[in-house]
Amino acid sequence: MVASSDPISLPAREAVRLLRDGELSPLELIDAALGRVAATDGQLNALPTLCPERARERARRLMAEPPDAPGPSWLAGLPIAVKDLEDVAGVRTTYGSPIYADHVPERSSLLVERLEANGAIVLAKSNTPEFGAGANTFNEVLGETRNPWNTALTCGGSSGGSAAALATGQAWLATGSDLGGSLRTPASFCSVVGLRPSPGYVATGPRELPFDTLSVAGPMARTVADVGLMLDAMAGRHPADPLSLPAPAEPFAAAAASRRAPRRVAFSPDLGISPVDPEVRGLCAAAAARFADLGAAVEEACPDLGDAPETFQTLRAAGFVADLGPLYETMRDRLKPDIVWNVEAGLRLKPEEVGRAERARGAIYHRVAAFFERYDLLACPAACVAPFPVETRWIRELEGTVFHNYVEWLRVTSAITLTSCPAISVPCGFTSDGRPVGLQLVGRPRCDADLLAAAAAFEEAVGLASLLPIDPRQEGRVTESPA
């Protein structure tokens, strides 16, 4: 077990406070994190690429030239993990692809530049499936990442390395990204918190598709408040991202700290579009009912998302053609089969099919916006199953429903992607054999602060955050009771 006096057990908020007050130094936290990686990552493969000397150099620079009046976004030298889809200058960045196995970028991504400008120190790159395609973290360059609650199981994906690293205390904060559920699924599978923010709050790029709103970057942490802290350090306008928004006047961390409970909560066990494992369904229903203890009215309801699965598949496939089409044309044989399938699905699309999907997405948004005139929050499972064996690349059948490709089983998250509403996965319990389950909370459009406040109130009521960090386990039994 992790000693409570070990710096890795500190919440990120507390670690940043101690850094700001001079009671800890960035160098001490770098050493603590590296020690934890050395002790645990052989069982997980969460952080396959480390950059300790770069981190120490930046730490010394921050210590020598601290800001005069740091604001709420200042991380004060906190070491973080960055998903291997984000460029970090001078650090091997593979995107999980053999095509980029030896790639070392000269410039960092906008997100990494923003985080480093706000006092974060990049210590490691977290593992991801090739180009982030898939909800099981494995690739031919760096191997597969395992679940710390049971190392025979998947950690989810595509931000799986980040989630596993957080659960075991290898990092206090980590970046992720989300197209169909890549922040929310691994958060659910590893019992951490993953936020898919509204498009625009986190500037991304530079990229060839700067107007894309299906894929966003976002924060991951062990608690909701720490996610709010990291979102403050990530958020802000950048001229290279045409969709980026200014940071809000109220810090996200302050919103999370308020723990404002919603008044009206809708719960759906399946969003009306997906089979859900019965035990997961029961755990999420019981968790959503906890909002009643916080004074909220809770009832079963859901917006009409019946055409969301087909709409998402169409728009995703068209996006893959735009994004990875050039690589497909020149290096098809070096891409994994799932990516080849997804690009070819896009190439088979007719213009009228893409147009129909765009109109359908618009209609989905308007129905969801009308739904949130009645409700403050929508709660549903963050994944239709609990973690499964790491060798199982994706779920092919559940409750009599056959999933024909590697994306279909993600309906409960990909449908929410279409709405552009902020969504967060918060731990809500464990199956009878100890596999983590997360509850997905969806907020009103552009109301990320309200979502964080509600999620923090829920997290406090459920009391599972105190279980982290853990040592990797060969089996998944939970041996401690939540507070």
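Points to keep in mind about this one:
- Checklist (1) farther than 29 Å from W172 by Cα; (2) buried (at least 17 other Cβ atoms within 10 Å of the Cβ); (3) in contact with a Gly (Cβ under 9 Å, 6 or more places away or on another chain) applied to R263, failing item: (2)
Results for (1) among the hydroxyl-bearing types (S, T, Y); (2) over 27 Å from S466 (Cα atoms), shown as yes or no for each residue.
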| position | (1), (2) |
| --- | --- |
| T154 | yes, no |
| S177 | yes, no |
| C190 | no, no |
| P199 | no, yes |
| R207 | no, yes |
| A217 | no, no |
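- Of the residues making up region 322-354, just one is in a helix (DSSP H, G or I), among the basic types (K, R) and without any contact (Cβ under 8 Å) to a residue 24 or more places away in the chain, namely R332.
- Close pairs (8 angstrom Cβ cut-off, 6 or more residues apart or separate chains): part of a helix (DSSP H, G or I) in region 10-21, modelled with pLDDT under 95 and not hydroxyl-bearing (S, T, Y) anywhere: R20/P70
- Residues satisfying the criterion are absent from region 204-218 (criterion: touching a residue at least 24 places away in the same chain (Cβ under 8 Å), over 23 Å from W409 (Cα atoms) and touching a Lys or Arg at 6+ places or on another chain (Cβ under 8 Å)).
- Among residues of region 413-438 being part of a helix (DSSP H, G or I) and among the hydrophobic types (A, V, I, L, M, F, W, C), the one that is farthest from N150 (Cα to Cα) is L418.
- One residue from D68, D84 being within 23 Å of P469 (Cβ to Cβ) and acidic (D, E): D84
- Among the residues examined, G306 does not qualify as in contact (Cβ under 8 Å) with a residue 60 or more places away in the chain, within 27 Å of R396 (Cβ to Cβ), of a type in the set (G, A, S) and surrounded by fewer than 22 Cβ atoms within 10 Å (Cβ to Cβ).
- Of the residues contained in region 406-417, none is found to be among the polar types (S, T, N, Q), surrounded by fewer than 24 Cβ atoms within 10 Å (Cβ to Cβ) and under 30 Å from D338 (Cβ atoms).
- Which numbered condition A69 misses (of (1) more than 25 Å from N147 (Cβ to Cβ); (2) in contact with a helix residue (DSSP H, G or I) (Cβ under 8 Å, 6 or more places away or on another chain); (3) among the aliphatic types (A, V, I, L, M); (4) in a loop (DSSP other than H, G, I, E, B)): (2)
- Members of region 364-388 found to be closer than 23 Å to Q313 by Cα and free of Cβ contacts under 8 Å to residues at least 40 places away in the same chain, listed by number: H366
- Considering P445, P436, P422, P427, the condition of being in contact with an Asp or Glu (Cβ under 7 Å, 6 or more places away or on another chain) and of a type outside the set (A, V, I, L, M) is satisfied by P422 alone.
- Screening L47 on (1) under 25 Å from V216 (Cα atoms); (2) free of Cβ contacts under 8 Å to residues at least 60 places away in the same chain shows it passes everything except condition (2).
- All conditions in (1) of a type in the set (D, E); (2) modelled with pLDDT of 95 or more; (3) within 30 Å of V37 (Cβ to Cβ) hold for E475, with the sole exception of (2).
- Candidates L441, L410, L452: the one that is under 25 Å from R222 (Cα atoms), in contact (Cβ under 8 Å) with a residue 24 or more places away in the chain and in a strand (DSSP E or B) is L441.
- Of everything listed in (1) modelled with pLDDT of 95 or more; (2) more than 18 Å from the chain's Cα centre (by Cα); (3) not charged (D, E, K, R), the single unmet condition for G71 is (1).
- When restricted to residues that are within 13 Å of A33 (Cα to Cα) and either modelled with pLDDT under 95 or among the acidic types (D, E) (or both), region 1-19 contains 2.
- Of all residues in region 41-66, those satisfying the criterion of being in a helix (DSSP H, G or I), out of contact with any helix residue (DSSP H, G or I) (no Cβ under 9 Å at 6 or more places or on another chain) and surrounded by 14 or more Cβ atoms within 10 Å (Cβ to Cβ) are Q43, R54.
The values are calculated or read from the model by the stated rules, or taken from the named source; none is laboratory data. Since this is a predicted model, take the numbers as computed values, not measurements. Methodologically, a virtual Cβ is constructed for each residue, glycine included, from the backbone with ideal geometry; neighbour enumeration extends over all protein chains shown.
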